[in-house]
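Notes follow once the structure below has been shown.
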Amino acid sequence: MTAIAEAPQGAESATEITREAFRDGMACLAGAVNIVTTDGPGGRAGLTASAVCAVTDEPPTLLVCVNRGSSAGPAFLENEALCVNTVGPDHRETAMLFGGKTPMAERFSGADWGTGPSGAPVLAGAVVSFDCRVRERSPQGTHEVLFCEILRIQSRPGAAGLAYFGRTFHDLEG
Ligand SMILES: Cc1cc2nc3c(=O)[nH]c(=O)nc-3n(C[C@H](O)[C@H](O)[C@H](O)COP(=O)(O)O)c2cc1C
């Protein structure tokens, strides 16, 4: 299968759709940096995720795509409590901890946490935190798409943001 990508000057380039091509393409898509956490019968866990998206505002719902094979995956499959903590430059190191092959307890040790109404860990000082209850799950390839109803939003309007683009972090002015 091939895809046609148009260069600015009109030159065409065809790319075979491999796993690498997909990843290279996604590296061109800027995304917010989110530390997604959970707690419950499956234990406390979290990972850094860019695959977070608004679904609908009635009822207020977002989705998160979680790799089932990651160390945090089983907890996200079992627990209903979930919090999307969108972070700024202050939490760049924390985002790297949650995005690497770091033991779970160590990930949580580098920041201050509260607890949301769902029971999920809420990151103190996040740009915005969406505390949620997982309402539906959909397995898609290696990932589980979690549809999450938002129970509470805590935000810091005007705070600086952080984006992931070109496989690296970029500060965003508040
Ligand atoms: C910027 C960034 C975005 C990521 N986005 C996702 C994501 O949307 N979903 C996901 O499952 N993992 C995502 N990851 C990978 C996880 O954060 C984590 O690195 C991976 O699950 C590590 O596996 P482990 O927990 O088994 O060590 C992302 C990592 C980074 C650094």
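Which residue, ASN85, ASN34, ASN67, has the most motion in a Gaussian network model of the chain that connects Cα atoms within less than 10 Å?
In this elastic network of the chain, the residue with the biggest mean-square fluctuation among ASN85, ASN34, ASN67 is ASN67.
What number, in percent, do you get for the relative contact order of the chain if the mean sequence gap of Cα pairs under 8 Å and at least 6 apart is divided by its residue count? Present the calculation step by step, with values, prior to reporting the outcome.
On the way: 386 pairs, mean separation 40.4, N = 174.
The normalised contact order for the chain reaches 23 percent.
Could you tell me the calculated FRET efficiency between ASP171 and PHE22, based on Cβ-Cβ distance and R0 = 22 angstrom, to the nearest 0.05?
So the FRET efficiency works out to roughly 0.25.
Counting trypsin sites (Lys or Arg not before Pro) as exposed when in a DSSP loop with at most 12 other beta carbons within 10 Å, what is the longest stretch of the chain free of them?
Looking at the chain, 1-100 is the longest stretch - no exposed trypsin sites (Lys or Arg not before Pro) with at most 12 other Cβ atoms within 10 Å.
In the chain, which Cys residues have no partner Cys with a Cβ closer than 4.7 Å?
Isolated Cys, the chain: CYS28, CYS53, CYS65, CYS83.
Tally Lys/Arg at +1 and Asp/Glu at -1 over every other residue whose Cβ is under 14 Å from the Cβ of ASN67; what's the total?
Result for the neighbourhood of ASN67: +4.
Given 20 °C and 1.002 mPa s, compute D for the chain with the Stokes-Einstein relation, Rh being the Kirkwood radius over Cα pairs; round to the nearest whole µm²/s.
Stokes-Einstein gives a translational diffusion coefficient of 126 µm²/s.
Rounded to the nearest 500, what is the 222 nm mean residue ellipticity of the chain from helices alone, with -39500 (n - 2.57) per DSSP H run of 4+ residues and division by all residues?
Calculated at 222 nm, the ellipticity per residue is -4000 deg cm²/dmol.
Give me, ordered by chain and number, the residues 5 or more places off ARG152 or on other chains with an amide H under 5 Å from its own placed amide H.
Hits under the 5 Å cutoff: ASP131.
For every other residue with a beta carbon closer than 13 angstrom to the beta carbon of GLY110, add +1 if it is Lys or Arg and -1 if Asp or Glu, then tell me the sum.
Neighbourhood net charge equals -2.
Rule-based calculations on the coordinates, nothing more; no lab input. These numbers were taken from a predicted model, which means no experiment stands behind them. Please note: Cβ atoms are built from the backbone with ideal geometry, for glycine as well, and neighbour counts cover all protein chains shown.
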